[in-house]
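The values are calculated or read from the model by the stated rules, or taken from the named source; none is laboratory data. Note that the coordinates shown come from a computational prediction; the quantities given were computed from them, not determined experimentally. Cβ coordinates were reconstructed from backbone atoms using ideal geometry, including for glycine residues, and neighbour counts include every protein chain displayed. Surface accessibility is based on the protein's heavy atoms, side chains included, excluding ligands, DNA and RNA. Shrake-Rupley method; radii C 1.70, N 1.55, O 1.52, S 1.80 Å.
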Amino acid sequence: MQIIEKYERDEELKEKGCMSSDGFCRYLMSDENAPVFLDRLELYQDMDQPLAHYFISSSHNTYLTGRQFGGKSSVEMYRQVLLSGCRCVELDCWDGKGEDQEPIITHGKAMCTDILFKDVIQAIKETAFVTSDSPVILSFENHCSKLQQYKMAKYCEEIFGDLLLRQPLENYPMDPGHPLPSPNDLKRKILIKNKRLKPEVEQRQLEALKKHMEAGETNTPAIIMGEENEDDTENGEKEAEDKDLNSEVPSSLSEATSDKVTSSVCHSNTISSRKEAESAICVRITGLLMIGLFFQVPDDEGGDVAEDSEEALIAQYKYESATTNIHPYLSAMVNYAQPVKFQGFDVAEERNIHHNMSSFNESVGLGYLKTNAIEFVKYPLSLSEVIAHLD
């Protein structure tokens, strides 16, 4: 009777002890029937544990408004996901082809439109910490030449300013056995996830760059512009997000489904029709999930590729792995989110390096859950992710 009295507006129904559909809807939508505890809407957890102990809301192919093939890219998507509370966004970086040679962000070789890297960095700065002070991770899928990588690094430095975490925190050195800093330690900081050069290579190339600039030279030193060499990157990492064709591309659009993988960082993208394109990523941080955001895209925001030609486009698509030829200036900005090639649980446990991050495709991740469940869940307190590609 208290519910009827409070939410029913029809006096006759009140007298009869009845409730109308409108009154019942008001009750269902009220705070009394909230799906979550209202006293827990504000942050109440202990945020002083290592970063690898938390669920983190993340986004994959953040720039796309919908379709993975022939879709449209938008700077606005970064604003939307960050304002929604997302703490990890992806930037697929490619060389710009215009006269200004500005790096761009797009879904490479999938006939998607592109946006300027610097515009995205500006949008991230403006919205990164409006909703939350928790750190933001920028996951670079880097396909750029060294010249344009240098531009990327300078944009990050100049636009982010003090928001960018350039160096490890004093109390959290990047040494074996040392845990990651906590979300509170990293408040209002932006971290870059990108491959990194071996320390000695990075230092040598940075010194050469500094001498070159002090001498007033405008071209890039030959030592930096050398041929691509995976041995120069830490652990010779071939982008851990090995998006092989079988796991990334469905044989038809109707096969695409969204998925979640527990105790691993999983990211799933779904294309179920021209009307709907959902993308989500769950990134596993030491056996925990970074639960992704989902977006439903209106029909008029889809790409321009005809449906009858999309099958041919998907069949022709071939993933191009990120470069291992890293500019030292960008390399020096990488700290607590450093991708490396996964070489086994025993190797990871022996190294005990918490800032290393490995990725697996979904089928491999599910395989580990079946054969090495305990090791997979206890994977040594470092960042790792399982990516389900259902583009």
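Could we say that Phe140 is within 20 Å of Lys187 (Cβ to Cβ) and hydrophobic (A, V, I, L, M, F, W, C) here? When the stated conditions are applied, Phe140 does not pass them. Checked against (1) under 14 Å from Leu330 (Cα atoms); (2) open to solvent by 20 Å² or more (accessible area, probe 1.4 Å); (3) part of a helix (DSSP H, G or I), Cys156 passes all but a single condition, namely (2). Among the residues of region 87-128, which ones are in a helix (DSSP H, G or I) and aliphatic (A, V, I, L, M)? Hits for region 87-128 are Val120, Ile121, Ala123, Ile124. Scanning region 125-140 for residues that are open to solvent by 60 Å² or more (accessible area, probe 1.4 Å) and in contact with a helix residue (DSSP H, G or I) (Cβ under 9 Å, 6 or more places away or on another chain) yields Lys125, Glu126, Val130, Thr131.
When region 3-43 is examined, which residues are found to be small (Gly, Ala, Ser) and in contact with an Asp or Glu (Cβ under 9 Å, 6 or more places away or on another chain)? The answer is Ser20, Gly23. Taken as a whole, the condition of being over 26 Å from Glu90 (Cα atoms), β-branched (Val, Ile, Thr) and surrounded by 10 or more Cβ atoms within 10 Å (Cβ to Cβ) applies to Ile4.
Yes/no per residue for (1) part of a helix (DSSP H, G or I); (2) without any contact (Cβ under 8 Å) to a residue 40 or more places away in the chain:
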site	(1), (2)
Ile137	no, no
Tyr150	yes, no
Gly161	yes, yes
Gln167	no, no
Glu170	no, yes
His178	no, no
Leu209	yes, no
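Of all residues in region 192-203, those that are under 25 Å from Asp92 (Cβ atoms) have Cβ atoms under 6 Å from Cβ atoms of residues that are at pLDDT 90 or above and β-branched (Val, Ile, Thr), 6 or more apart or on another chain, in Ile192/Val334; Lys193/Ile137; Asn194/Val334; Lys195/Ile326; Arg196/Val334; Leu197/Ile326.
Every residue, every condition in (1) among the polar types (S, T, N, Q); (2) crowded, with 20+ Cβ neighbours inside 10 Å; (3) more than 28 Å from Arg204 (Cβ to Cβ); (4) free of Cβ contacts under 8 Å to residues at least 24 places away in the same chain, yes or no:
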residue: Thr324; (1), (2), (3), (4): yes, no, no, no
residue: Tyr329; (1), (2), (3), (4): no, yes, no, no
residue: Phe342; (1), (2), (3), (4): no, yes, no, no
residue: Ser358; (1), (2), (3), (4): yes, yes, no, no
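Taking interchain pairs and intrachain pairs at least six residues apart, which have beta carbon atoms under 8 angstrom, with the first residue in region 52-63 and open to solvent by less than 10 Å² (accessible area, probe 1.4 Å) and the second of a type in the set (D, E, K, R) and at pLDDT 85 or above? Every condition considered, the pairs that remain are Ser58/Arg87; Ser59/Glu90; His60/Glu90; Asn61/Glu90; Asn61/Asp92; Thr62/Glu90; Tyr63/Glu90; Tyr63/Asp92.
Per the conditions (1) touching a residue at least 12 places away in the same chain (Cβ under 8 Å); (2) within 30 Å of Glu42 (Cβ to Cβ), the sole criterion not satisfied by Ile115 is (2).
Of the residues screened, Asp48 is one that is touching a residue at least 40 places away in the same chain (Cβ under 8 Å), over 17 Å from the mean Cα position of the chain (by Cα) and surrounded by fewer than 14 Cβ atoms within 10 Å (Cβ to Cβ). Checking each residue in region 192-205 for being closer than 30 Å to Arg87 by Cα, open to solvent by 30 Å² or more (accessible area, probe 1.4 Å) and assigned to a helix (DSSP H, G or I) picks out only Pro199.
Is it the case that Arg79 is more than 23 Å from His327 (Cβ to Cβ) and in a loop (DSSP other than H, G, I, E, B)? No.
A Cβ distance below 8 Å, combined with a sequence gap of six or more or placement on separate chains, defines the contacts here; from region 1-18, residues that are over 14 Å from Ser30 (Cβ atoms) and modelled with pLDDT of 90 or more reach residues that are aliphatic (A, V, I, L, M) and surrounded by fewer than 10 Cβ atoms within 10 Å (Cβ to Cβ) in the pairs Gly17/Met1.
Listed here are the residues, each with its yes/no results for (1) under 19 Å from the mean Cα position of the chain (by Cα); (2) within 21 Å of Asn325 (Cβ to Cβ); (3) of a type in the set (A, V, I, L, M, F, W, C); (4) open to solvent by less than 30 Å² (accessible area, probe 1.4 Å).
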{"site": "Leu116", "(1), (2), (3), (4)": "yes, no, yes, no"}
{"site": "Asp119", "(1), (2), (3), (4)": "yes, no, no, no"}
{"site": "Ala123", "(1), (2), (3), (4)": "yes, no, yes, yes"}
{"site": "Asn142", "(1), (2), (3), (4)": "yes, yes, no, yes"}
{"site": "Gln148", "(1), (2), (3), (4)": "no, yes, no, yes"}
{"site": "Lys151", "(1), (2), (3), (4)": "no, yes, no, no"}
{"site": "Leu169", "(1), (2), (3), (4)": "no, no, yes, no"}
{"site": "Ile190", "(1), (2), (3), (4)": "yes, no, yes, yes"}
